[in-house]
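J.: One structure is given below, represented as C-alpha cells, and several questions about it will come after.
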C-alpha cells in the first residue's frame, strides 16, 4: 500500500499528462468531419478506415520508417565508439566524458537546428569549405539529406545513454583475457566486444527508432517543408486542414504502432535485459 | 644452466605513489612453480600483470627462455593467464572459450578441435564442453579458465589467486589438480596468493613480497624454518615476537632470561621470533612455564604459556592433554629462535 502512495505523484502526472489527453484524442478520432470541414460528434471508425486505405498515408508511413530506421542505425553505430571510449577512460574522466557525449540533450531542439543551418546551409561552413576546394556546392538542407543528418545527430545522445547503461557486461577484463590469448584489436572487437554489446545495441536501436518515428521538429525544420513524415502529417491535418478527427486517428495509429514495436522488442530474446 | 624465467630490476610505478613493484629480481628454472606471496596491495598481482604484458614496466627486464619480452604486447607473449574472476567470455561455450586462443593463432579447425577436446579432457570437463560459463559452477568455470590458458601451450602459466573464489571444501582438491597438471605438462608457472598455506603446499619456490620489494625467495621449508627477514618471520607461519638484545654470538637476552640462538646478528638490540611448533614442554627443561590458555585445533593444540621472559605461543599435539594451570618445564632448541638486528 505504502508503495502505491509513493508512486501517487508520478501516477497523477502520467494520468493527467498522458492518459487523459490520449483518451481525449481517442474520443476525437471517433468523431466525423462533415463536407464543410466542421467536426461533428459521432462514434465511428470511418476515419481509421479511410486513413488505413489511403495510399498517401501508407507512403508516408514507409518513408517515416525508412528514415527513422536508417537514422537509428546510424546513431547507434556512431554512439558505440563514443560509449566504448567513455567506458575505457580513467574513472576520473568517465563522468565528464559521458556528460559531453549527451550534452546535445541540454540544447533545445530548435537551437540545435539553427546550428545545423549554419553548418549545412547553402552559404554554411560545409559549402564554404567545398567552394574553397573548388568542389560543387551540395544541397544539404531543406531536403531529406538535411533531415537524415539532423535526425541522426539528435538521436545519438539517447543511443549513447542506452549503450553506457547497457554495456555493463563488457568488463575490460575480457579485452585483457583476449589479448593474453593472442587476439589483436580487430579480433577482440569482432569476437568479444561486439557480441557482448549486442543486447545494448539492440536496445539503443529500438529506442532511437521509436524516437525517430515520432520525431517532428527535425523533419519539419530541416526539411524546409519538403519532407513529409507521419508526425508532420498529423500537424498538417490538425492545424492546416483543421481535420481533427483525422489528425487524432493518425496519432492513435502511430501510438499503437510504436507500442507494438516496443512490445515486440521486449518479447525478443535478450529483450528483457 | 641459466634460469628459464628471469626478472631483473623490474619496476612499476603508478603516479607519484611508492612503486607498486620495486626493483624486483628473481630467477625460476624451467618447469618450476613459483608462488608470489604477500599481503594485499604488496604488488604481487602487478608483478603477474607485468609478466603477462598487461602492465608496462617502468624499468627492468623480463626474460623468458632467453627471450626479452619486456616490451612485447600481451598478444604476442604466449602467456596463459587465469584471472582471479576467470574472465571467461560469457557468450561462448566452454569449448569456444578454450578454442579462442587457438583461433587467434590461426590453427586450423581440425587440429583446433582435437586440442580443445584434449585440454578439456585433461581438466575433466569433456561432458560440459557445450555449456556456457553461467551454466557452470565456480569450480567448473575455474577449470575452463585453466584449460583456456593451457590450450595455447603457453611459455608461462600465470595464475592470479587461483583458489580464492572457490569454496574451502573445493580448494584442496583443485590445488592438487593444478599441481598434478603442472607437473605433468612441465609448464613453468607463476601464481599469486595471499594465502601462505596455499603457497607452501603448492610451490617449488615461494617469493615473499612486501611493498613491491622481494623479501625472500626460497623453497617452502626453508622459507618457513629460516625466514630471512622479520617481515617473512611475521607473515609466514605463526610466531611470537620479542624485543631482545644480542649479548654475544649465540646469546640473546629477552627480559632477564638469557637464551641460546643458533644464529645471531652483531651484538645489540634485536627482534626475536619463536615458532610455536619448536617449543618443547615436559617434566624436564631449562625454564619453568605455566599454561594459561589452550586452544584446541584438532590434531594440535595451541597453548599460551607464561614464561619468565613473557607470553609465548606453543603448538603441541592435542593428545598430550595439557590444561590451563599446568606448571611445566620448557626447552627451546637454539635453532628455534630467529634473531634479527632491530
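J.: Where the Cα atoms of segment A:83-157 are projected onto their three principal axes, how long is each span, largest first, in whole Å?
T.: Computed over segment A:83-157, the largest-to-smallest principal extents equal 45, 27, 17 Å.
J.: Rounding to the nearest 10 and keeping the result within 0 to 90°, find how far the Cα-based axis of helix A:109-120 lies from the longest principal axis of chain A.
T.: Tilt of helix A:109-120: around 70 degrees.
J.: Could you give the angle, 0 to 90 degrees to the nearest 10, between helix A:2-14's Cα long axis and the longest principal axis of the Cα atoms of chain A?
T.: Approximately 60 degrees, to the nearest ten.
J.: Quick one: work out the % antiparallel among DSSP beta bridges in segment B:5-226, nearest 5.
T.: Given both bridge residues lie in segment B:5-226, the antiparallel proportion sits at roughly 50 percent.
J.: Shifting gears a bit: Using only alpha carbon positions, build the gyration tensor of chain B, then give the equivalent ellipsoid semi-axes as the square roots of 5 times its eigenvalues, largest first, whole angstrom.
T.: Three semi-axes, in Å: 45, 25, 15.
J.: On a 0 to 90 degree scale, rounded to 10, what angle separates helix B:138-151 from the longest Cα axis of chain B?
T.: Taking Cα atoms only, the helix is inclined about 60 degrees.
J.: Grab the Cα-Cα distance for residue A:66 and residue A:106, subtract it from 0.36 nm times how many residues apart they are, and report the gain in nm with one decimal.
T.: Between residue A:66 and residue A:106, full extension yields an extra 11.7 nm.
J.: Within a 10 angstrom radius of the beta carbon, how do B:98, A:147 rank from fewest other beta carbons to most?
T.: So the ranking, lowest neighbour count to highest, is A:147, B:98.
J.: For chain B, what does the relative contact order come out to in percent, with C-alpha contacts under 8 Å and a separation of six or more?
T.: Over chain B, the number comes to 16 percent.
J.: Next question, about the same structure. Give the separation of the Cα centroids, segment B:202-281 to segment A:204-222, in Å.
T.: Segment B:202-281 and segment A:204-222 have Cα centres separated by 74 Å.
J.: Now for a different question. Ratio of Rg to Rh for segment B:238-341, alpha carbon only, Kirkwood?
T.: So for segment B:238-341, dividing Rg by the Kirkwood Rh gives 0.98.
J.: Another question, then. Quick check: residue separation of residue B:306 and residue B:13 times 0.36 nm, minus the Cα distance between them. What number comes out in nm?
T.: Full extension of this stretch gives 100.8 nm more.
J.: Which order do A:122, B:22 fall in if you start with the one that has the fewest other Cβ atoms within 10 Å?
T.: A:122, B:22
J.: Could I ask something else about it? Taking the Cβ-Cβ separation of residue B:234 and residue B:323 as r and a Förster radius of 30 Å, what is the calculated FRET efficiency to the nearest 0.05?
T.: Efficiency, rounded to the nearest 0.05: 0.55.
J.: Right, here's the next one. Arranged by the count of other C-beta atoms within 10 angstrom, fewest first, what order do A:108, B:126 take?
T.: Neighbour counts put them in this order, fewest first: A:108, B:126.
J.: OK, next. Efficiency by 1/(1 + (r/R0)^6): what FRET value for residue A:190 and residue A:99, r their Cβ-Cβ distance, R0 = 30 Å, to the nearest 0.05?
T.: After rounding to 0.05, the efficiency reads 0.50.
J.: Roughly what percent of Cα-Cα pairs across segment A:1-152 reach past 29 Å?
T.: That tail contains 54 percent of the Cα-Cα pairs.
J.: Expressed in nm², what is the orientationally averaged projection area of the convex hull enclosing the Cα positions of chain A?
T.: Spelled out: convex hull of the Cα atoms, projected over all directions, averaged, 21.1 nm².
J.: Expressed as a whole percent, how much of the Cα-Cα distance distribution for the protein assembly as shown exceeds 48 Å?
T.: The answer is 43 percent, as a whole percent.
J.: How many angstrom lie between the C-alpha centres of segment A:1-60 and segment B:80-124?
T.: Segment A:1-60 and segment B:80-124 have Cα centres separated by 57 Å.
J.: Give me the one-decimal nm value for the distance between modelled label points at residue A:44 and residue A:10, 7 Å along each residue's Cα-to-Cβ direction.
T.: Modelled inter-label distance: 4.3 nm.
J.: Return the FRET efficiency for the residue pair residue B:260, residue B:342: r is the Cβ-Cβ distance, R0 is 22 Å, and the value is rounded to the nearest 0.05.
T.: Approximately 0.70, to the nearest 0.05.
J.: Residue A:255 versus residue A:52, label points 7 Å from Cα toward the beta carbon: distance in nm?
T.: 1.7
J.: In bins 10 Å wide, starting from 0, what share of all Cα pairs of segment B:48-166 does each bin hold, as a percent?
T.: The calculated distribution, bin by bin, is 14, 43, 32, 11, 1.
Only the coordinates and a few stated rules stand behind these numbers; no lab work does. Computed from a predicted structure; not experimentally measured. Here the Cβ is made from the backbone with ideal geometry for all residues, glycine too, and neighbour counts use every protein chain on show.
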